[in-house]
1. So which trypsin sites (Lys or Arg not before Pro) in the range A:806-865 end up in coil per DSSP with only 15 or fewer other C-beta atoms within 10 Å?
2. For the range A:314-439, which semi-axes, largest first and in whole Å, follow from the square roots of 5 times the eigenvalues of its Cα gyration tensor?
3. Using the Cα atoms of the range A:304-374, I'd like the radius of gyration and the largest Cα-Cα distance, Dmax, both in angstrom.
4. Is there a quick way to get the dipole size of the range A:474-589? I mean about its Cα centre, with the Cβ of Lys and Arg at +1 and of Asp and Glu at -1; what is the value in debye to the nearest 20?
5. Sort A:LYS21, A:LYS169, A:LYS271, B:LYS41 so the one with the fewest other Cβ atoms within 10 Å of its own Cβ comes first.
6. Can you list the HN-Hα couplings for the range A:335-344, worked out from phi with the Karplus curve (6.51, -1.76, 1.60; θ = phi - 60°), rounded to whole Hz and with x for Gly and Pro?
7. Give me the one-decimal nm value for the distance between modelled label points at A:ASN324 and A:THR110, 7 Å along each residue's Cα-to-Cβ direction.
8. What's the magnitude of the charge dipole for the range A:220-299 around its Cα centre, counting Lys and Arg as +1 and Asp and Glu as -1 at the beta-carbon? Answer in Debye, nearest 20.
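Just so it is clear, none of the values below were taken in a lab; they were calculated from the coordinates. The structure displayed is predicted, hence computed values, not measured ones. Reconstructed Cβ throughout: ideal geometry from the backbone, glycine too, with neighbour counts over all protein chains shown.
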Amino acid sequence: MNSINSISQQILSKLPLYRLKDLIKAVRACKTAAEERSVIQKESANIRTAFKEEHNDTRHANVSKLLYIHMLGYPAHFGQMECLKLVASPKFADKRLGYLGIMLLIDEKTEVLTLVTNSLKNDLNHSNMYVVGLALCTLGNISSSEMARDLCSEVEKLLGSSNTYIRKKAGLCALRIVRRVPELHENFLSRAKTLLNDRSHGVLITGVTLVTEMCQQYPENIEIFRKAVPLLVRHLKNLVSAGFSPEHDVTGVTDPFLQVKILRLLRILAKNDQEASDAMNDILAQVATNTESTKNVGNAILYETVLTIMDIQSEAGLRVLAVNILGKFLSNRDNNIRYVALETLNKTVGIETQAVQRHRNIILDCLRDGDISIRRRALELSFALINESNVRVLTRELLAFLEVADSEFKQSMTTKISLAAERFAPNSRWHIDTMLRMLKLAGNFVREEVLANFIRLIAQTSQLHQYTVQKLYAGLKQDISQEGFVLAGVWVIGEYGDVLVNGGSFEDENKTIEVSDSSIVGLLESILMGPYANQLTREYILTTLMKLSSRLNDHDVQQNIKQILHDHSTSMEVEIQQRAVEYTQLFSFDNIRSAVLERMPVPEGRSIIESSTSENDINSHASGQGQQKSGPSDQDLLLDLMGVGTASSGDQQQEEVSVSPEPQQQQQQTQQSTQNIDLLADIFGGGGGSSGSSPIPPTTSSPPPSSSSLNKNNALMDLLGGDVQPQPSSTPPPSNSSPDPLASLGFSMGGTTSPSSAQRSISPAFSTGSPAMANNSPTLSTTQTSSSTTTTTTTNGYQAYGKNGFIINLVPAKDRNNGAIINIQVLFHNSTEGTISSLQFQAAVPRSQKLQMAPASSSTVQSGGTEKQLMRINNPQQTPVKLRLRISYVLSNGQKIDDVAEYGPFPENAF
Amino acid sequence: MIKSVLIFNNHGKPRLIKFYQQIDIATQQALVQEIYSLVSKRPDTVCNFLEGSKLLGGKDTRVIYRHYATLYFVFVVDESESELGILDLIQVFVESLDRCFENVCELDLIFHFDEVHHILSEIVQGGMVLETNMNEIVAAINEMNKAKKKSGAATTGSLSVRASETLRAGFRH
C-alpha cells in the first residue's frame, strides 16, 4: 500500500501543478528550503512554458501561482506581460488578478508600464464601478510621472463622480499624481475644496489627506485652504458631539480616523497663524476634555490633539491641558501610550521645558522599562531635561542607568553625560567625580574626545590634582578592566606622579591606600602585564613610566623602570619597541631628561563641539558605526594634551579654536617650548660627543633652519609621548635629503615622514622659534601676525570692545577648507578685580554674509581670566567683514551693563 | 505615508508582502526577515512600535505591528502617520479579514493571498488610508466577489483544513 502511495506521489510530482491550491500545498509539504526551491523552480518552468504556449484558460491560474511564488521571494517578472493580457480580458476576475499582478510585479521603471496606461484609460471610463475602482487603485499605487500626466484629466473627472466609492479612490489618485508631478496640483485645487464638503466620511478622509499633501507640497496652498478651517472645525465638532452613530462607531468613538486626519490638517493650517489658531482653540479644548481615554482609539485622538495644540499658536491654558494629558499618558499602564507620550515630550521639551520637568521622575522610571523602544525614548528625553538646577540628580540617575544599560547605548551615553557635566557642572570637584564614576562604569565605551576632555579638565584644575590622582590610583588598584579609566589613570599618574607620592597614604572608601614609589610602578607593571592591556594602554604605560623616572627618586624604582623599558625594546609591536628603545636612549642624556619629561603645559579649554554628538545617534551605534566614527586617534589626543590643535574628525571649527590659544597660555607655552628647543639644540650641539655610538652626520651644522626646527619639533613630540603614526619599521633612510639630526640620536625614524598634521598642529606653540614655518598653513600665519602686531598689548587679535575693564578681542582666521568662511575666535578678557557674570554676546553681520555662533565657553569670566566663543562667518562675496556687537554682562558690584559696539572691517592681511 | 504592509507568521513565513515604494524583491525579502527578527523577540506586553532600520529609511520610519494568534501584522510608516492611529487601522484590517473570511485563520490567508491583497487595497491605496469603515470595506469586497462569480471564474470554495486557532482570539482594543 505504501509503495503504491509513494509511486503515485512520484508520478504526481512530475506533473505540473494545475491549481494555485496544489502549488501552495506542495510548498507547504516541503521540509527543507532546498526542497521548496526545487518545487518552485519546476513550477516556474512550467508556468513559463504555459505562457509561451498562450493558454488562455490556464492564464488566470498561472498568474496567481506566479504571484504566490513572488511573495516567497522568487523571481516572477516574466509574468508582467501576462498580467497585461489578463487586464485586457472582459472577465472581472481576470481583470482583478491582472491589476493585482501589475501592482506587484511591475515597477515604475519598466517599459511595460507605458502599455498599462492604455488599459487604465479604458477602464477608468468603464461602466462597472468596480472596474473603475480597480483602475484607480492601480493608478494610485504605481503611477509614474508620465502616467500621471496622461491620466490627470480622467482622475479630475472622476473626482466629480456621483459615486462615493469612485470619488474616494480618485481622491487618493489625485494625491499620487500631485506627488509625482507637483505642478499638476492646480488642476485639483477646486475639486479638493469640494471634497472637504463631502458628506461621506470615506471621501472626506481622502479629501483631507489630499489637501494635507497639497499644503505640504506647496506651502502657498495653506493660505487658500485656511479658509476651510471653520468647515473643518465644524466637521470635528459634529464628530465629537454626535451621539452614538453605529455606522462610524469604533469602540465608542465616532470615526477616530477622520478626527485624527482633520486634527493633522488643522495643525498644518494654523501653524504660525494666530487667526486660524484662535478659530480652533475651542474645539481643541472640547476634543481634549471630552474624548474618552480608556481605549486606544480615544488616546489616538488625544495624542493628535496634543500635537496640534503644541504646534499652533494656542492659548496658554490649552497648552497646560495638553501637557497634563501627556502626564496622564506617561502614567498609563499601556506601553504604547507611554511610548507616544515620551515621543511627544521629546518634541515639546524645547518649548514647554518647565512643564516637562514636572514629569521627570516618571521619565527616569521609564529608563528601567523592559521595553527597548521606551528606554530609548526616555534616555533621549532625560538628556534633554538636564539643566543647571537638576544636573546633580539627573546625572546620578543616568550614571545608575549607565551601569545596567545595554552596551549599544553606552557610548552615546558616556558622550552625552560628559557633555552635560561639562555644560552644567556646579563645580570642578563634582565634574571630576562624575567623570571618574562614568569611566569606572563604562570606561570601555568612551570616545577619545571625551577622554581627552577629561584629561584637559584635570590638567586645568590644578587645585584638585592630588585628589584626582589619588582617586584614579585607588580606582586602578581595584579595577583595571575599563580601558578609558586605565588610560586616564595611567596618564594622570605619569603626569602627577610626584603629587601622588608627596601626598603619601590616603583614605579612599574607608580603606587606607599606601602610596610609595615602588607601589606606583608596581601597579603600572601589573596593568602592563595584565589581561586587559592592549597596544594603546601599553604605549601609555611606557610613556608614563618614562615620565615617572624623572618624578620618582627611589633608585630601585629607576632600575625597575629601566628594566621594563628594556624588556619592551624587543616587543613585536613596532610602536612599543620604538618607544622603549627611544626612552632607553634618553636615559643616557641625564642632563636634559628631566627637562624633556617635565609636565605638559596646561591645555587650553574648549568644549566638546556639539556636532560630535549629533552624529552620534543611537542608530549608528546599533550598527556599530559609532566605533568607526569615534573621531581623533590617540595621536590627536596626545597632541591635544600638548595644548595644540589637531584636525580631529574634520571639525574645522574645533580646530580653529584650539589653534589660537589664550594669550597667557600661549606665552607660557612658548616659553616652555623655547626652553625645550634650547635644550634640544644643546643636544645637537654637544650630543655627538656624549653618545659615541651614533655619529653625527657632518652636515648637522648647516641644515636649513626651518627643517631643523621642524625635526626638532618632531623629536620633542616623540619625547613628550606624541604618538607619531607608526612609521614603517625600516631604518632611517640614509639618503634623506635634509640631514636628520634626530635619526643620528636614534630618537626618530625618518622625521620627514611624520604626518604633516603633526607638524602643522605643533607649530603654533613654537611660533617664535620657527618663523620660517609660518607658511605652513593660513591659520598659523594668522596667529603669528596677530601675535606679532599686537605684542604690545600682550594679547592677540583685534580689540573690538573695552570698557569697565572688560575687553573683547577678535582673532579672525580663514577656514582652511573653504576660503569664503572666516572663523573668528572671540576672547572675553576680564581685567577687573571681580568676576563678570551673565555675559551675553551677540553679533550681526551685513546681509551678504551669514553668521553662525557656537556657545561661549562660559558666561562667567573670572578676574584676570579669559573665556572664548567661536563665530563663523560665511562670506561668499568676499565683502569686508563688519560686525555689530551687543554685549551685556554683570559686574561684580552687581551693575548690569548693556552695550553696543561696532567693529570692522578687519585690517588687510588680518586673515 | 504607509510604506509597506506585511503579514508573516510566528516563524517568519511571509503571508502578505505589499510595498508602496519601489523596492526590489531581494531587499523586500531581507526587510521581512529583518523586521521578523526584531518583532518576534518582543513579548506581547511591550509597546508595538519600533524604530525603522537602515534598510527602511532610518530613524523617521516606524515599524508598527500587532500580533494576532499565529500572525504578525506589520505596518511600516513614516513620521506623518499617527502611531496609535495605525494600530487602530491594523485592527480594522484584521476585523475586515475576519468578516470576509468568516472567522479568519492563517490558512485562509495562505490559500487566498490574492483576496487578502484585494481587501487591503480597499483600506489602503498608494500608501494612504482609503477607507476605515468596515461595513464599506466588506460590502465592496462582497460586491466584487459577486461580480467575479458572475464572470465565471472558479469559486473560492470553503477550506477543508482549518487551523483551530483563529485570529479573533487575539483581538484586543
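1. Working: sites: A:LYS814, A:ARG816, A:ARG847, A:LYS850; in loops: A:ARG816, A:ARG847.
Passing both the DSSP loop test and the Cβ count: A:ARG847.
2. Values: eigenvalues 137, 64, 20 Å².
Equivalent ellipsoid semi-axes, largest first: 26, 18, 10 Å.
3. Spelled out, the Cα radius of gyration and Dmax of the range A:304-374 are 11.8, 37 Å.
4. Numbers: 7 positive and 17 negative charges, 43 e Å.
Value, rounded to 20: 200 debye.
5. On the way: A:LYS21 18, A:LYS169 33, A:LYS271 15, B:LYS41 9.
Ordered by Cβ neighbours within 10 Å, fewest first: B:LYS41, A:LYS271, A:LYS21, A:LYS169.
6. With coefficients 6.51, -1.76 and 1.60, one gets 5, 4, 5, 5, 4, 5, 4, 4, 4, 5 Hz.
7. 5.8 nm
8. About 100 debye.
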